[in-house]
Amino acid sequence: MDFPRILSGNWELENSHKLDVARSCGTYGRVQKALAMPPVELIQIVKDSGLRGRGGAGFPTGMKWSFVPSAEKRGNKPVYLLCNADESEPGTFKDRYCMWKDPHLMIEGMIIAAHAIGCKVGYVYIRGEFRYIYDRLWEAVHEARAAGLLGENILGTGVDFQLHIHLGAGAYICGEETALISSLEGFKGQPKLKPPFPAVEGAWHAPTIVNNVETLAAVPWIIEHGAAAYKAIGTEKSPGTKLFSCSGHIRKPGVYEIPLGYPMRDLINVECGGLLPGRTLKAVIPGGSSVPIMTPDEVARCNMDYESINTLAGSYLGSGGMIVMDDTTDLVAALTNLLRFYAHESCGQCTPCREGCGWMYHILCRVRDNCATAEDLVTLKDLADNIHSKTICFFGASAAMPVQSFLLKFKGEFLARIEAASKGLPAGSHVSPASLSVVGA
Amino acid sequence: MSSHAAPIPASRGPVEWPDALLPQVEEILSRYPTRQAAVMPLLWLAQDTWDWLDLDVMRLVARTIDIPPSQVHAVASFYTMFKKSPTGKYLIQVCQTLSCALVGAEAVIEHMERTLEVDEHGNSKDGLFTVLRVECLASCGSAPMMQINEHFYERLTPATCDQIIAGLRSGKPLALPRPEVDKWTFPVS
Amino acid sequence: MPKVKINDIEVEVPAGTNMIEAAAVAGVDIPHYCYHPNLSVAGNCRMCLVDIVGGRAPEIACNMQARDGLAIRTDTPAVKKMRQSVMEFMLVNHPLDCPICDQSGECRLQDYYMEHGDYDSRGVEEKVSKKKRQDIGDKIVLDAERCVECSRCVRFGDEVTGTGDLRLMNRGDHTEIGMFPGERLQHHYQGNLADICPVGALTNRDFRFQRRVWYLKQTASICSGCATGCNIQVCHQEGEVFRYLPRRNDAVNKSWMCDEGREQVAGISGLKRILRSRVDGKTVDTEAALIALAARLKSATHVGVVLGSQATNEANWALLQTVRKNLKSARIFVTAGNDPGSFEYADKLLVDTDKNPNSAGVDLLAAFDGQVESWEAFGSAVADLDLLLVLEDDVVGRLAGRRTAAAIAYLGVSRNATSEAGSIVVPVCHPVEMDGSYVNRQGRVQRIRRAVNAAGDALPAWLIVDRLGAKLGVAPGTGMVAAAFNSMARAVPQMRGLEFKTLSEAGQQLIVETAPVAPTEATV
């Protein structure tokens, strides 16, 4: 594979997080050029590059930026740029690398993005558990401020951009952009109703753009090399490179930058070093715990891009958090584990998700422990359907999709538990598959 | 499953910001267009100062921002990292979510709970440790893992856990782990 | 104005109308918990999910603004299933309290379950338990377990009272409504929390377990507690009034009323009511009292008459007419301010400093008459009067120890210093016992309605005065309340064109220069 390492290029350097090292690699070298450009032109380049949001939704970044009302329309309202560094989708840990290894690249991306949307003050919302990275980000901000790269009149261009780091405190939902805004504003991290959309009315009722760390980190390269160069990487509809967080039953778990469109099979077998000896693949969750699970057949067919995974496996590339599960995995326990997560993380605002996630988790506990009936599986499926797309934010669907897809694609494992229950077998002694319950829930 | 429900915090008596912190309080307030937005950073500052957030600390934050204390309480109760009750000197949060669970998190948790003899609240007998099961900490590639106070300890086994605990018990300053994220190398394919 | 369709019924509604309201115009009821017309939209209950014709996913009607061509359906199988499932989610952790819950009968969980739920229960998991029977205020008891987390009470505290006291704590299915530990509600609008709570989480301490609500009848009326004139429903059963509820009128009180207003209920059947007529310390029937009163009025040389801002327009009009037609030399006065002992609190929301429901009405009539004298004039005239006829006003208490030699005739509802000093006392109906009208502080004429029978021998004051007029010579023709109002409306320019029968439930804003004060330069 021959491709530029747009995001991870500096990660192996000693002290890659320090300003002087970053600058020696070209970071901040694009600021002068970008700030001299009219914002509309910047937005057009990002639009043309086909860059899509790397947080999970894959929404075209340039288009998102263009939704900010013009200065005339928004009157004297400011515009806010928020960097979503709340990385908390289980199976996803790439932004942690970006921020730890190369915080200045992300900051450079923010400076450029801020200019494109007319923003003077931005915030990085970083999850509370990344407190050690939070400290590093502030160091980077202070370094950049001292070098005239942040603050007033950046590099003498007349452009102002102030950046603050905001520490979360333990809530998965704050990765949802409107929940992130609520949290930043000093409230519980609960999603807001749309419309209005944040680009029109977001933080403090002002137009607000929320972009993922990885998305922003890709912007400087695009500005330097142009939209066409970026579009030349990856696929037609999914251009560029992407960071994949790979975990689970693989020999070399970690973060890998690869061009979109790369075969999933190769990612597992080559980059990730394949499965452990003697194991076979059972299932993969390709894009963070929320997306539908995939079977080995689907894995063999799919490439790591937005379209392939969606059309060929009915799942999503999501955040690129790939969780690989081999034949030792108890998928009933795995799903129970995930639903415990969603029940714990539901913000509690709207009815179906608040009440439904805990309910599904409790049913799954009974299924796992050989205490459930076939009707329970019907109820489980029905509850998931009743939550999906009936909620304020996407969290409801995120909790429902694993249930729906596990039940659809691995129904046998669930039926085996029902059978075991009907025979009065104690928990852990279900008939099939061979129990190697590495998963506790 | 760990409970969401925050215990009703007790109180240690009225508090005020130490003089030395006042500039920091002001700086935090200056970062945002509204005072309300300073709730979380001020709760963090308060937690760093008083170890955990009792009702009087919440009242102080409310006073500082000029909002009803119930709003501070609601925020504090929503986020799991704001401590509404005291913990041991070392707060050990072991990830139990899927990627960690797939590679042995349960064994690590059980080992910790057993060797530290924790009660139903996760507090060790000697009061030095609090062991909690938590959800994904975004270190799935270095699973199983745990966070002790603010640092990540990764690729754990029961044996490495014992070493870490022994190190903490020895009373020496906490030897900071080199996070896995620091060891990253691009795979040669 | 945009035209929208609800189940193929086309209606035209003002731009910005949400689809719950638009559907109501079309006669379609969209069930909801969190939506309240006088609070911001929260969109959390999900009960108002509807299908959009040509849309991809269901949307909530409360957050959907009418726009031209928008068509929604509430009658599809998908909508039916969504409503059923929301009910199921709401009830899965709801305690089985109905038999002991005071909300029964006005509980949206019960109502909507019958209408939209009606499924076989499959909730077998253990329910989440929360704190019950909490004392969070003088007027309110909180049961967090019954809460459906709709956040109406939270928004009420944030948006109406500005106290920000109630919050939803924690998250997920452990989300729990509550106050900051140890604190209690401090505002004067607590009763509204019980009103807007769609379930039995917030109940009214005063009303709890008094009556099952399905026995109660409601009569639309006006609170007589102050000059604001909050629109209310009087809830009563078999002649007894159990509570006042605010009645929505966005021009006056939105959907709210104050706690002091609600407490007025206690005065209706209270120990202080005047139940029988009295002449010189002897209980007599009202006819006898009026004969005596007429005789004394005729024989007195210096008669003073005090209009009552506690009394209706009709009563004051009748009194003005009777006096002017029969007692040419009598002087008529208005009082200013509140009865001694009326509650002191006032705010910028609803509670007015003026505790009289009809000061503006009296001022209007006084201005019309042109000869009515001020309270200050009364102060200097009082020593010269030998008979004082007082309509529902504690003149004696107001004089605060300054003696008057005049004999006093008092027409009033409850005992006070004036009734105690009165040689003739005639019982008047409480506002819930009669029809009539007040003019509130905005200059809005609003109807009160008879909800229950009069206590004792009490009669509406307009009727008493009409009978008195007959005995004095010329009756003012106010023996029927509608006649009293209509004759007033024909005479008083600001009321011209109004008719008692057609006065709407929302009242009528009068074209008034702010109610003029009675001319002080009026001569004796």
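The values are calculated or read from the model by the stated rules, or taken from the named source; none is laboratory data. Every value quoted in this text rests on a predicted model; they were computed, and no experiment measured them. All Cβ positions, glycine included, derive from the backbone under ideal geometry; neighbour counts span all protein chains shown. To get the accessible areas, we keep the full protein, side chains included, count just its heavy atoms, and leave off ligands, DNA and RNA. Shrake-Rupley method; radii C 1.70, N 1.55, O 1.52, S 1.80 Å.
What do you get for Rg/Rh over chain C if you use C-alpha atoms and the Kirkwood form of Rh?
Working: Rg = 26.8 Å, Rh = 25.5 Å.
Reported Rg/Rh, Kirkwood definition of Rh: 1.05.
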By how many degrees, between 0 and 90 and to the nearest 10, does the Cα long axis of helix C:481-491 differ from the longest principal axis of chain C? 70
Which values of log₁₀ I(q)/I(0), to two decimal places, follow from the Debye formula for segment A:241-326 at q = 0.10, 0.26 Å⁻¹ with a uniform point scatterer at every Cα? -0.18, -1.43
Segment B:ARG12-B:THR34, extension gain: residue separation times 0.36 nm, minus the distance between their alpha carbons: 5.0 nm
Calculated from DSSP H runs of 4 or more alone, at -39500 (n - 2.57) each and per residue, what is the 222 nm mean residue ellipticity of chain B, nearest 500? -11000 deg cm²/dmol
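Based on alpha-carbon atoms only, what is the radius of gyration of segment A:19-231 relative to the globular estimate 2.2 N^0.38 Å?
Working: Rg = 15.7 Å, N = 213, 2.2 N^0.38 = 16.9 Å.
Against the empirical 2.2 N^0.38 Å value, I get 0.93 for segment A:19-231.
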For a distance above 32 Å, tell me the whole-number percent of Cα pairs in chain A that qualify. 38
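Around A:ASP382, what is the net charge, scoring Lys/Arg as +1 and Asp/Glu as -1 over all other residues with Cβ under 13 Å from its Cβ?
Working: positive: A:LYS381, A:LYS390, C:LYS81, C:ARG122; negative: A:GLU375, A:ASP376, A:ASP385, C:GLU88, C:ASP120.
Its environment carries a net charge of -1.
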I'd like the distance separating the alpha-carbon centroids of segment C:328-392 and segment A:28-87, in whole Å. 67
Among the listed pairs A:LYS192/B:LYS84; A:LYS237/C:LYS5; C:LYS282/C:LYS325; A:LYS47/A:LYS73; A:LYS64/A:LYS237; A:LYS188/A:LYS390, which have their C-alpha atoms separated by more than 28 angstrom in this model? A:LYS237/C:LYS5; C:LYS282/C:LYS325
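Can you tell me what share of the DSSP beta bridges in chain C is antiparallel? A percent to the nearest 5 is fine. Intermediate results must be reported in sequence, preceding the final value.
Values: 42 of 62 bridges.
Expressed as a percentage, antiparallel bridges in chain C total about 70.
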Tail beyond 14 Å, pair distance distribution of segment C:265-331 (Cα, percent): 70
Distance histogram for segment C:94-213 (every C-alpha pair counted, 5 angstrom bins, percent rounded to whole numbers): 2, 11, 21, 24, 20, 13, 6, 3, 0
Largest first, please: the extent of the C-alpha atoms of segment C:87-164 along each principal axis, to the nearest Å. 42, 24, 22
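Using protein heavy atoms only (no ligands, DNA or RNA), what is the total accessible area buried between A and C, 1.4 Å probe, nearest 100 Å²?
Chain pair A/C: roughly 2600 Å² of buried accessible area.
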With heavy atoms of protein chains only and a 1.4 Å probe, what residues of segment A:298-332 have at least 30 Å² less accessible area in the full set of chains than alone? A:ILE323
Shielding by partners - mean other protein chain Cβ count within 10 Å, residues of C:56-69: 1
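Counting other C-beta atoms within 10 Å, and keeping those with at most 15, which DSSP coil GluC sites (Glu not before Pro) do you find in segment A:131-166? Present the calculation step by step, with values, prior to reporting the outcome.
Details: sites: A:GLU139, A:GLU143, A:GLU152; in loops: A:GLU152.
Sparse-neighbourhood loop GluC sites (Glu not before Pro): A:GLU152.
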Using the heavy atoms of the protein chains and a 1.4 angstrom probe, tell me the accessible area per residue for segment C:220-342 in square angstrom. 37
Using only the alpha-carbon atoms of segment B:1-86 as identical scatterers, what base-10 log of I(q)/I(0) does the Debye formula give at q = 0.14, 0.24, 0.26 Å⁻¹? -0.44, -1.25, -1.44
Please report the spacing between the Cα centers of segment C:184-253 and segment B:8-48 in Å, no decimals. 42
Describe numerically, in nm with one decimal, the distance between label points set 7 Å from Cα along Cα→Cβ at C:ARG67 and at C:ARG496. 4.8
Once normalised by the length of chain C, the mean sequence separation of its alpha carbon contacts under 8 Å that are 6 or more apart gives a contact order in percent of 12
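With the contact rule set at Cα under 8 Å and sequence spacing of 6 or more, what percent relative contact order holds for segment C:3-75? Each step should come with its number before you reach the end.
Numbers: 133 pairs, mean separation 30.3, N = 73.
Result for segment C:3-75 is 42 percent.
With r defined as the distance between the Cβ atoms of A:LYS18 and B:TRP52 and R0 fixed at 30 Å, what FRET efficiency is calculated, to the nearest 0.05?
Working: r = 35 Å, r/R0 = 1.16.
The calculated FRET efficiency here is 0.30.
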When the Cα centres of segment C:282-304 and segment C:102-149 are compared, how far apart do they sit, in Å? 59
Determine by what factor the alpha-carbon radius of gyration of segment A:305-439 differs from 2.2 N^0.38 Å, reporting the quotient. 1.06
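What is the Å³ per residue value for the convex hull set by the Cα atoms of segment A:188-274?
Values: hull volume 14.3 nm³, N = 87.
Here the figure is 164 Å³ per residue.
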For labels at C:LYS217 and C:ALA400 in the simple 7 Å Cα→Cβ model, what's the distance in nm? 4.4
Cα→Cβ-extended label distance, 7 Å offset, between A:ASP266 and B:ARG63, nm: 6.5
State, to one decimal in nm², a quarter of the convex hull surface area for the C-alpha atoms of the protein assembly as shown, i.e. the direction-averaged projected area. 51.2
Reported to two decimal places, what Rg/Rh ratio describes segment B:62-105 when computed on Cα atoms with Rh from the Kirkwood expression? 1.20
Measure nothing fancy, just the Cα-based angle from helix C:461-472's long axis to the longest principal axis of chain C, in degrees from 0 to 90, nearest 10. 20
Over the alpha carbons of chain B, what is the largest minus smallest coordinate on each principal axis, giving the biggest first in Å? 53, 44, 33
Roughly how large is the A-B contact in terms of buried accessible area, totalled over both chains, probe 1.4 Å, nearest 100 Å²? 5300
Hey, with R₀ at 60 Å, roughly what FRET efficiency would B:ALA107 and A:LYS73 work out to, going by the Cβ-Cβ distance, to 0.05? 0.55
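Give the dimensionless ratio obtained when the Cα radius of gyration of segment B:90-173 is divided by 2.2 N^0.38 Å.
Numbers: Rg = 11.7 Å, N = 84, 2.2 N^0.38 = 11.8 Å.
Normalised Cα radius of gyration, segment B:90-173: 0.99.
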Filter the DSSP H helices in chain B by two things, a Kyte-Doolittle mean of at least -1.0 and an axial alpha-carbon span of 30 angstrom or more, and list the hits by number. none
Just the isolated ones, please: cysteines in chain C lacking another cysteine beta carbon under 4.7 angstrom. C:CYS48, C:CYS62, C:CYS98, C:CYS101, C:CYS107, C:CYS147, C:CYS153, C:CYS197, C:CYS226, C:CYS235, C:CYS258, C:CYS429
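Would you mind counting up the charge near C:ARG205? Only other residues with Cβ under 13 Å from its Cβ, with Lys and Arg at +1 and Asp and Glu at -1.
Working: positive: C:ARG133, C:LYS139, C:ARG184, C:ARG208, C:ARG243, C:ARG262; negative: C:ASP102, C:ASP135, C:ASP138, C:ASP143, C:ASP206, C:ASP259, C:GLU263.
For residues surrounding C:ARG205, the net value is -1.
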Using amide H atoms built in the peptide plane, which far-off residues or other-chain residues are under 5 Å from A:ILE165 H to H? A:VAL124
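Relative to the Cα centre, what is the charge dipole magnitude of chain A, using +1 at the beta carbon of each Lys and Arg, -1 at the beta carbon of each Asp and Glu, and rounding to the nearest 20 debye? Mind showing how you got there, number by number?
Working: 42 positive and 45 negative charges, 66 e Å.
My answer is approximately 320 debye.
Carbon and sulfur: what percent of the protein assembly as shown's accessible surface (1.4 Å probe)? Mind dumping the intermediate values first?
Details: 22250 of 42320 Å².
Heavy-atom surface of the protein assembly as shown belonging to carbon and sulfur, 1.4 Å probe: 53 percent.
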Between C:ASN453 and C:ARG122, what's the calculated FRET efficiency when r is the beta-carbon distance and R0 is 35 Å? Round to 0.05. 0.10
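At 222 nm, what value in deg cm²/dmol follows for chain C if DSSP H runs of at least 4 each add -39500 (n - 2.57) and the sum is divided by all its residues, to the nearest 500? All intermediate terms of the calculation are to be shown ahead of the outcome.
Numbers: 15 runs with 131 residues, N = 524.
Rounded to the nearest 500, the figure is -7000 deg cm²/dmol.
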